[in-house]
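Worksheet: the structure to be examined is printed underneath.
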Amino acid sequence: MNRIIEWLPTSVDRRLKVLGWVYLAAQIFLVGTGGLVRLTSSGLGCPTWPKCTADSLVNTPEMGVHGVIEFGNRLLGVLLGLVAIAAFVAVLRMRRSRPDLFRLTLLAGLGIPAQAVIGGISVLTQLNPYVVGLHFVISVILVGLCTAFLYRLYTVPGPRERVVPLWFLIVTHLTTFVVAITIAVGILTTGSGPHAGDADAPRNGLDSEFLQHVHSWPAYLTLALTLVLVAGAVSLRLPVRRWVLLLLAVELVQTAVGLTQANLGLPAVLVGIHMVLACVLAAAMTAVVLNLKQPVAVDAPPAPRTTSETLAR
């Protein structure tokens with residue numbers, strides 16, 4: 001046990017950075033597999049929870065491909081939990097020198113069992129669209145936490161100061177708020193559409209076609225606000241400019257996919273891509289917010305005097 005503890009890092013190293021990337025990628029990948037469950041009508045492939053059936057922890061051959069897909073998603077959730085535990089343990093020896101990393105891994109780690117419970121409730125309620133929507137909201141929050149964890153791994157700890165004008169800060173936070181609204185309305189839109197996760201699953205009863213239009217309004221506002229941020233970041237050569245450009249790129253791809261899926265009658269493949277891109281959008285927006293501040297520059301200590309300078313004095 002002592003040898004294992006001694007092996008744990010005492011400062012951020014390559015192992016932690018790789019783990020950070022794996023953690024974020026796994027969170028987003030799980031959303032993709034969750035979308036596959038829903039889009040293949042496999043949401044009740046395992047009709048109960050926490051077991052797959054009343055008598056079996058895993059899926060059985062009689063359950064067919066839907067059971068494989070649903071149980072596969074549950075298994076990936078377990079693997080993500082192991083990654084969360086690994087990240088938490090990896091920063092234990094740094095909890096005093098890097099409390100930010102400790103808090104982020106703790107919060108993200110607690111979100112994994114919360115996700116499992118909400119996923120179980122969604123199965124037990126026959127895929128209630130609001131419970132399923134909450135499941136996605138938690139996923140987006142976890143993506144943001146993992147993005148923050150990864151960012152902190154590449155950042156010098158200590159006091160931070162704003163490196164953008166006040167107006168840029170305000171517009172960025174306004175954009176973040178509109179992004180949250182866009183995702184929330186998108187969840188309601190999906191909950192009213194044809195991809196319920198099971199043929200007999202309930203819908204939220206809202207007008208799907210109308211919600212598609214409502215969903216587009218904050219999406220276009222997000223794009224307009226991002227263009228303002230891009231213009232400001234590039235013209236003023238702000239340190240955050242590459243992250244704002246990444247945010248714009250994600251939004252353009254997301255908009256193209258959204259328009260295409262709407263015009264093609266919501267094909268499952270494009271809906272799944274749209275779901276994954278929503279998490280990528282959340283990660284990019286988080287990265288922009290985090291880069292509004294940078295560590296305070298510490299003045300270098302004065303250089304030691306040479307022998308000649310000392311004698312001259």
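Computed quantities for the displayed model
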quantity	calculated
For Val276, solvent-accessible area (1.4 Å; no DNA, RNA or ligand), Å²	40 Å²
Choice from Leu227, Leu264, Leu292 with maximal GNM fluctuation in the chain (Cα, 10 Å cutoff)	Leu264
³J(HN,Hα) computed for each position of the range 145-154 - Karplus, 6.51 cos²θ - 1.76 cosθ + 1.60, integer Hz, glycine/proline x	5, 5, 5, 5, 4, 5, 4, 5, 5, 9
CD proxy at 222 nm, helix term only [per DSSP H run n ≥ 4: -39500 (n - 2.57); per residue of the chain; nearest 500]	-24000 deg cm²/dmol
The range 109-185: C-alpha gyration tensor shape, a/c 1.5 cut-off, then a/b vs b/c	oblate
Solitary cysteines of the chain, where the nearest other Cys Cβ is not under 4.7 Å	Cys146, Cys279
Helix 166-192 axis, angle to the chain major axis (alpha carbon atoms, nearest 10°)	20 degrees
Cα-projected label distance for Val228 with Ala199, points at 7 Å along beta-carbon direction, nm	5.0 nm
Charge dipole of the chain about the Cα centre (unit charges at C-beta), most positive-ward option of Leu211, Gly133, Pro99	Pro99
Radius, Kirkwood style, for the range 1-82 when every pair of distinct Cα atoms is counted (Å)	14.7 Å
For the range 201-271, convex hull volume per residue from C-alpha positions, Å³	105 Å³
Ranked order, Ile28, Ile170 - accessible area, probe 1.4 Å, largest first	Ile170, Ile28
17 Å tail of the calculated P(r), the range 230-290, as % of Cα pairs	45 percent
Per residue solvent-accessible surface (Å²) - the range 1-128, probe of 1.4 Å	54 Å²
Protein-only accessible surface order, largest first, of Tyr154, Tyr23 at 1.4 Å	Tyr154, Tyr23
The range 47-201: projected area of the alpha-carbon convex hull, averaged over directions, in nm²	11.8 nm²
Surface/4 estimate of mean projected area, convex hull on alpha-carbon atoms of the chain, nm²	22.4 nm²
FRET efficiency estimate (nearest 0.05) - Cβ-Cβ, Arg160 to Val18, R0 25 angstrom	0.50
Alpha carbon convex hull of the range 142-222, projected area averaged over orientations, nm²	7.8 nm²
Between 0 and 90°, nearest 10: helix 14-39 axis offset from the chain longest Cα axis	20 degrees
Dimensionless Rg/Rh of the range 30-120 - Kirkwood Rh, Rg from C-alpha atoms	1.11
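The values are calculated or read from the model by the stated rules, or taken from the named source; none is laboratory data. Note that the coordinates shown come from a computational prediction; the quantities given were computed from them, not determined experimentally. Every residue, glycine as well, gets a Cβ built from its backbone with ideal geometry; the counts of neighbours run over all protein chains shown. Note: areas computed on protein heavy atoms with side chains; ligands, DNA, RNA excluded. Shrake-Rupley method; radii C 1.70, N 1.55, O 1.52, S 1.80 Å.
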